[in-house]
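Below: one structure, written as structure tokens.
The values are calculated or read from the model by the stated rules, or taken from the named source; none is laboratory data. As the structure is a computational prediction, the values presented were derived from the model and not from experiment. Cβ atoms come from the backbone with ideal geometry, glycine included; neighbour counts cover every protein chain shown.
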Amino acid sequence: MNTNDLIEDLGRGLEPVTPLRPAGRRAAAWSIGAAVYLGLLVVGMSAVNTRAGGAGAGFWVSQIAAVVMGLLATRAAFVSVVPGLPQRSRVWAVVAAVLWLGTLVAASPRDFDWTTVLAASHEWVCVGFILVGGAPLMGVLAVMLRRGAPLNPATTAAFAALAVGALANVGACMSLQHANNAITFAWHGGIVLALVGVAALTGHFVFAWSAAPSRSIGENHAGDGTPRR
Amino acid sequence: MTDALLPSDSLGELMRAAQQGDGASYRELLKTITPRVRQIIKRQRGFAGIAEVEDLLQDVLLSVHTVRSTYDPARPFVPWLLAIVRNRLVDGARRYARISRREIHVDEEDVTFSEPATNDDIGEVEDAAALHAAVRALPEGQRQAIELLKLKELSLKEAAEVSGTSVGALKVATHRAMATLRRTLSKTRE
């Protein structure tokens, strides 16, 4: 198709669109919703008191670091879908992720045994909590991000997964007993990083151009944004 | 990647109108940015042909269309546009690399009609004469198979009916005949 024809085609029957609200405000809205949802989930598992009582200062430092990481990753995900915005929040989210892992390592016993850590089968419950409990959060986040996400699908998906993983990890830690931070480091850190990796690899399928809304000229163009000739 | 020549304020106004559904403003916006985007693509992809540049340009325009709701009217238009151009150029480069990896480069070989020897009438006659001689020298069954299938260009079924042999026997005879002819003609050339 000729470029002038394409322009005429795009202008014909143009539908109005609502500009996205500022990234920070959207990130805050999702974070508040996620906090309420995870709070209900934790209360539903009715184990909050057991956890808070038995945990030391290291536990709470890790939780605070995870919450900060989740909030920064959420902001980075929302900023990544708006072209032209400064991308500093990505750096801060990565720094927060490193710090979170650092707090877990720092709070781990010096003489821990990796065999024991890897054999901690009760951690599968946490993995289930993060994956199953985090799935609705990821779904909502994907819907909120879909309009600009095809521009940077891998980055957007990775930060979205980091945000969900971080906050769901806090929910899991609040719901179940975690006596040893080495176990938390290996299992929770592992599953969050795995989530980020999978999201980065599959992001372009989820946030494909063909799935993006506000494309009203599908008849004339291929799904990947490439004009049909 | 910056572009001082694009008037960000007026483009922002046009995009604001486009977000409200004003098709005329949208067309004007796209027509204004098209030559500049084309120029940027040409500058960034110096090796690209005209068709590839137009492909990338149309990709950019479609992307602008798809993500037009992400433009914040309170912010300048040009950085928003240039970020989209940059993204699409990176995508285009990745696509190009992916396609190149799958393609096999074939060196230009001397094909039939570009080589003088293949257009040499004398050579052709000599080859034809050698071929006739070689065919005549074939055993009866093989010669008949070649005549029916290769010279008269009958189908296997028709040739089988004419010769009174089976299709399988004809295939075997043809295969053997071709092998014999190849040997004989290569000896003749030497």
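Points to keep in mind about this one:
- Test: residue in region A:190-197 that is closer than 14 Å to A:A77 by Cα and at pLDDT 95 or above: yes
- Region A:102-159, residues that are under 22 Å from A:S62 (Cβ atoms) and among the hydroxyl-bearing types (S, T, Y): A:T103, A:S108, A:T116, A:S121
Conditions tested, residue by residue: (1) under 30 Å from A:G148 (Cβ atoms); (2) among the charged types (D, E, K, R); (3) at pLDDT 90 or above; (4) outside the structural domain of B:V37 (by TED's automatic domain parsing).
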{"residue": "B:Y71", "(1), (2), (3), (4)": "yes, no, yes, no"}
{"residue": "B:P76", "(1), (2), (3), (4)": "yes, no, yes, no"}
{"residue": "B:L82", "(1), (2), (3), (4)": "yes, no, yes, no"}
{"residue": "B:D107", "(1), (2), (3), (4)": "no, yes, no, yes"}
{"residue": "B:T112", "(1), (2), (3), (4)": "no, no, no, yes"}
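- Matching residues, region B:6-24, being part of a helix (DSSP H, G or I), away from chain A (no Cβ under 11 Å) and loosely packed, with under 14 Cβ neighbours inside 10 Å: B:D9, B:S10
- Residue match in region B:38-46 (condition: over 22 Å from B:L89 (Cα atoms), assigned by TED's automatic domain parsing to the domain that holds B:R94 and either crowded, with 18+ Cβ neighbours inside 10 Å or at pLDDT 95 or above (or both)): no
- Long-range neighbours under 6 Å by Cβ, at least six apart or interchain, first residue within 13 Å of another protein chain (Cβ to nearest Cβ) within region A:71-82, second in a loop (DSSP other than H, G, I, E, B): A:V79/A:L85; A:S80/A:N152; A:V81/A:G148; A:V82/A:G148
- Filtered by the rule that a residue be under 14 Å from A:E8 (Cα atoms), more than 7 Å from chain A (Cβ to nearest Cβ) and surrounded by fewer than 18 Cβ atoms within 10 Å (Cβ to Cβ), region B:25-37 gives a lone residue, B:T32.
- Residue count, region B:65-83 (criterion: in a loop (DSSP other than H, G, I, E, B) and among the hydroxyl-bearing types (S, T, Y)): 1
- Region B:52-69 - residue that is more than 7 Å from chain A (Cβ to nearest Cβ) and either of a type outside the set (D, E, K, R) or crowded, with 24+ Cβ neighbours inside 10 Å (or both) and, of those, nearest to A:R147 (Cα to Cα): B:V64
- Subset tally (residues that are surrounded by 23 or more Cβ atoms within 10 Å (Cβ to Cβ), touching a residue at least 60 places away in the same chain (Cβ under 8 Å) and among the small types (G, A, S)) for region A:166-183: 4
- Members of region A:72-95 found to be surrounded by fewer than 22 Cβ atoms within 10 Å (Cβ to Cβ) and either of a type in the set (K, R) or in a helix (DSSP H, G or I) (or both), listed by number: A:R88, A:R90, A:V91, A:W92, A:V94, A:V95
- Cross-chain or 6+ apart pairs with Cβ under 9 Å, region B:70-85 first and in contact (Cβ under 8 Å) with a residue 40 or more places away in the chain and closer than 24 Å to B:E54 by Cβ, then assigned to a loop (DSSP other than H, G, I, E, B) and hydroxyl-bearing (S, T, Y): B:F77/B:Y71; B:V78/B:T2; B:L81/B:Y71; B:L82/B:T2
- Screening A:A120 on (1) of a type in the set (A, V, I, L, M); (2) surrounded by fewer than 23 Cβ atoms within 10 Å (Cβ to Cβ); (3) in a helix (DSSP H, G or I) shows it passes everything except condition (3).
- Residue that is part of a loop (DSSP other than H, G, I, E, B), within 14 Å of chain B (Cβ to nearest Cβ) and either touching a residue at least 12 places away in the same chain (Cβ under 8 Å) or surrounded by 14 or more Cβ atoms within 10 Å (Cβ to Cβ) (or both), where the choices are A:L20, A:L6: A:L20
- Single residue of region A:126-165 satisfying the filter (in contact with a Pro (Cβ under 9 Å, 6 or more places away or on another chain) and more than 16 Å from A:Q87 (Cβ to Cβ)) that is surrounded by the most Cβ atoms within 10 Å (Cβ to Cβ): A:R147
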